Amino acid sequence: MIGYSFIHTAVDDHSRLACSEALTDNGSCYRSRLFAQTLSDAGIIHKRTRPYRPPTNGKVERLNRTLLDEWAHVRPYSSTTERTDALAEFIHTYNHHRGHTALGGQPPISRVNNPAGQYSPLLRKDR
């Protein structure tokens, strides 16, 4: 039987590059000193949003809507693993192949200065 998945998502403000993972529903990790230091070391500004205020989190809210329409509800999945694997495939398509109106029809990766840098410790799958 398939249950619920809690999708944690981060979207780069400039490029719209997205990172989404199915994790436990525990947002406290985003308030940790380690998380703050890791972002700071990478030169990333962490913009927090107010709870229950979708207008302050527009890019992620828009991605959440896209995830519902183009990943979660696009077809039935036979298992949670199948659905999670499909999420990784969708995020790749979203970042590398899906054009965005706000980016002149280009995918988010087109606005990244150093695509090879995508293998930073924050995005590695082997952790």
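Bear in mind these aren't lab numbers, they're just calculated from the coordinates by the rules spelled out. Fair warning: this is a prediction, and the values are worked out from it, not measured in the lab. With ideal geometry, Cβ positions are generated from the backbone for all residues, glycine too; neighbour counts draw on all protein chains shown.
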Cα radius of gyration and Dmax for segment 1-115 (Å): 15.0, 43
Calculated FRET efficiency for the pair His97/Thr56, C-beta based, R₀ 30 Å, to 0.05: 0.55
Extension gain, Arg33 back to Thr49 (0.36 nm per residue minus Cα-Cα distance, nm): 4.0 nm
Positive-end extreme of charge dipole, segment 65-107 - chosen from His100, Phe90, Tyr77 (charges on Cβ): His100
